[in-house]
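Trainee: This is the structure I have questions about; it appears just below.
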Amino acid sequence: MSRERLRADLVRTGAVGHGTGGAASPETGRHVVALLTGSTSSRSDPIAAPRSAVASRARARTDLGRARQDGLVPENSPDRAGGRPRSHDLTPPIRIPAGLVVLVGPPASGKTSFVRALVEGRQVDVEAVVSSDEIRTELFGASAEPADSGTADAADARIFEERDRRIVARLAAGLSVVAESTNVTPRARERLIALARRFGAPVTVLRFAPDVADLLQQYTERGRTDLTEVDVRAYAAVMSRDAGADRLRDEGAAAVHDVPGRRQSVTPGEAAARFTFARCRPPGR
């Protein structure tokens, strides 16, 4: 989406004023730092014992590395968590029923990394993911920017018509589909939920809501040039105001789940492992 088109959308939602400095105030970010420590045992010999311990730990690291490469270490093993299972490793995966899965989150909140981890882990098929950004690239190229607002409107209409077509095709076949775009506004979600209702498919919403400080850090790390910090703050403000769990349920979501991330010291792969996805609906459903 062009910068001009993006700012117009944010002005309409009230997240950004008409001036250049009209961003909503950021929420106070809270950083969570996880420290992983190990303990060593001492023996009576003050010289031989440390050497023996170092050698033993080296052998253990080598054996563990080989086991990981061979896929022999379970995801919730203490060896994957600095010596002890983390609480989210011990939580049973959340089952997502076949239907429409709507990702909701500002730019740089981790949606694409999460979806990539799902595909790499073979939890969903690559065809199940329908990304408006990828469709834009397919249709107009990676760096194409509309010359004016009229061209931008036409481009957006074509992109979302194609997105809807792909979603409908999968829902009509009884297959799961993941809608990957920001979807922070009620208007954007209303269009998607209406598609699901046509086929009696349940809607599951996965929320990506990092602290503003973490969000801005992720935005900076990714080096995006199509958005400014003001834009990212504005999207976060809209998310905070219009995409709470209760509101999402009122709009028609059968279930709403928050996806953990940097604040919880959870990687995209670990977050993806917290969910299991049904690929298709049973006959007659």
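Trainee: Which of the residues that make up segment 97-120 are surrounded by fewer than 24 Cβ atoms within 10 Å (Cβ to Cβ), polar (S, T, N, Q) and part of a loop (DSSP other than H, G, I, E, B)?
Mentor: none
Trainee: While we're looking at this one, here's another question. Quick check on my filter: what residues within segment 177-234 are acidic (Asp, Glu), at pLDDT below 95 and in contact with an Asp or Glu (Cβ under 8 Å, 6 or more places away or on another chain)?
Mentor: 211
Trainee: Check residue 166 against each of (1) surrounded by fewer than 22 Cβ atoms within 10 Å (Cβ to Cβ); (2) over 21 Å from the mean Cα position of the chain (by Cα) and name the one condition it does not meet.
Mentor: So residue 166 meets the others, but not (2).
Trainee: Something else about it: With the requirement that a residue be of a type outside the set (D, E, K, R) and under 15 Å from residue 114 (Cβ atoms), what does segment 195-236 give you?
Mentor: Kept after step one, since they are of a type outside the set (D, E, K, R), are these residues of segment 195-236: 195-196, 199-206, 208-210, 212-213, 215-220, 223, 225, 227-228, 230, 232, 234-236.
Within segment 195-236, 204, 205, 206, 208, 209, 210, 215, 218 meet the criteria.
Trainee: If you don't mind, another one. Exactly one of these conditions fails for residue 221: (1) within 19 Å of the chain's Cα centre (by Cα); (2) under 22 Å from residue 136 (Cβ atoms); (3) among the charged types (D, E, K, R). Give me its number.
Mentor: All conditions are met except number (2).
Trainee: Return a yes/no flag: does segment 251-274 have any residue that is without any contact (Cβ under 8 Å) to a residue 60 or more places away in the chain, open to solvent by less than 40 Å² (accessible area, probe 1.4 Å) and more than 17 Å from the chain's Cα centre (by Cα).
Mentor: Within segment 251-274, one or more residues are without any contact (Cβ under 8 Å) to a residue 60 or more places away in the chain, open to solvent by less than 40 Å² (accessible area, probe 1.4 Å) and more than 17 Å from the chain's Cα centre (by Cα).
Trainee: Next question. Residues in segment 57-80: is at least one modelled with pLDDT of 60 or more and open to solvent by less than 60 Å² (accessible area, probe 1.4 Å)?
Mentor: At the first step, the residues of segment 57-80 found to be modelled with pLDDT of 60 or more are none.
The answer is no; no qualifying residue exists.
The values are calculated or read from the model by the stated rules, or taken from the named source; none is laboratory data. Bear in mind the structure is a predicted one, so any value in this text is a computation, not a measurement. Heads up, the Cβs are rebuilt from the backbone with ideal geometry, glycines too, and the neighbour counts pull from every protein chain shown. Quick note on the areas: whole protein, heavy atoms, side chains included, nothing else; ligands and nucleic acids left out. Shrake-Rupley method; radii C 1.70, N 1.55, O 1.52, S 1.80 Å.
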